[in-house]
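What follows is a set of notes on a single structure, which appears directly below.
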Amino acid sequence: MARTGLIYDDVYLGHDTGSHPENAARVKDTYEHLESTGLLDKVIRLKPRPATEEEILLVHTKQYYDHLRSLPSDATLNLDADTVFGPGSLDAALHAAGAVTSAVDALREGRCSRVFCLVRPPGHHARPGRAMGFCILNNIAIGAAYVTRGCGLGKAAIIDFDVHHGNGTQEMFYEDGSVLYASIHSWPFYPGTGAEGESGAGAGTGKTLNFPLPAGAGEDAYRRVLAERIMPALRAHKPWVILISAGFDAHRADPIGNMALETGAFGRITTDIVEAAIEICDGRVVSALEGGYDRSALAASVDAHIGALLDSAGGV
């Protein structure tokens, strides 16, 4: 029987960003919501480990990693205009990236078939040599490279439905044919990347798929892209696992986003992805939290997302 896991740890609360939109209450409130609804009783609860230097250097530069390690442990500063770094930030970032590699381990060891990583800080804007857009380490990219190069398990695919384009993830795999990166995002919008013509280069030609949508797009547009464009590419790519950059800031209530998805749409989108995974890669899915900044909408959307992982997996 397929099993669904959830990775969470209070270490993520130590990344103290104050009143920043990406704050600790996002994951704390979501976890408490899942506990109150009884959903936590239906998943296998897993703990993350910190990502190793070797794993991080699969996608990030040594210079950037050393820079993060050299920052003062008792001060709060900004890595860029949007990204706060304080005393607990590096530990949280290492455990956020390590959650995704831990999830891959759970899949390859047969302990789970799907895993959702309730983590922060998010990751998909983090570039090889710098932080960006609330992101310190690129969690999902580290996980994908861990699959392909770290463990030699085969190819990987990433589906990113955050309202913002995952520019860092795209950059890391733009010339890498072993990772298919598909993004559905608002356009024009931050960070200004993700035009449809950005489709990969060299060995990665055709392995970057961007689907920019206008503000206000809803569920039908997202699911049409999945069915007509992304699913055929997944079948051709034949990944060992599908990874999801699960941003919930395309929710209609999100204060930063500009899309029109309802809570239930995230469950149906997830079901579409898992059904493809069942067909293509024995149902293996690893999902990691990216954006989502209305705390009530985030908690409800994550609930729908995990519920779809459970329903498709047949529960624990």
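Where a number appears in this text, it was derived from the coordinates with a stated rule and is not lab data. This structure is a prediction, so every number in the text was calculated from the model and none was measured. Note that each Cβ is placed from the backbone with ideal geometry, even for glycine, and that neighbours are counted across all protein chains shown.
Listing for the model above:
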item: Loop sites in segment 53-132: GluC sites (Glu not before Pro), DSSP, at most 10 other Cβ within 10 Å; result: Glu109
item: Rel. contact order, % - alpha carbon contacts under 8 angstrom, at least six apart, segment 4-313; result: 19
item: Rounded if a/c under 1.5, otherwise prolate or oblate - segment 1-153, Cα gyration tensor axes; result: oblate
item: Rg(Cα)/(2.2 N^0.38 Å) for the chain, N = residue count; result: 0.89
item: Using θ = phi - 60° and Karplus 6.51 cos²θ - 1.76 cosθ + 1.60, couplings along segment 292-301 (whole Hz; Gly, Pro as x); result: x, 10, 8, 5, 5, 5, 4, 4, 5, 6
item: Furthest towards positive pole of dipole, His33, Leu68, Phe116, structure part segment 1-139, Cβ charges; result: Phe116
item: ³J(HN,Hα) computed for each position of segment 50-61 - Karplus, 6.51 cos²θ - 1.76 cosθ + 1.60, integer Hz, glycine/proline x; result: x, 4, 7, 4, 4, 5, 5, 6, 5, 10, 9, 7
item: Packing-based exposure ordering (other Cβ within 10 Å, fewest first) of Thr61, Thr17; result: Thr61, Thr17
item: Cut-off under 5 Å, modelled amide H: who pairs with Phe116 long-range; result: Gly5, Leu6, Ile7, Ser287
item: The chain - share of DSSP beta bridges that are antiparallel (%, nearest 5); result: 15
item: Trypsin sites (Lys or Arg not before Pro) within segment 79-119: DSSP coil, no more than 14 neighbouring Cβ in 10 Å; result: Arg111
item: For segment 4-313, size of Cβ-based charge dipole, Lys and Arg +1, Asp and Glu -1, in debye; result: 640
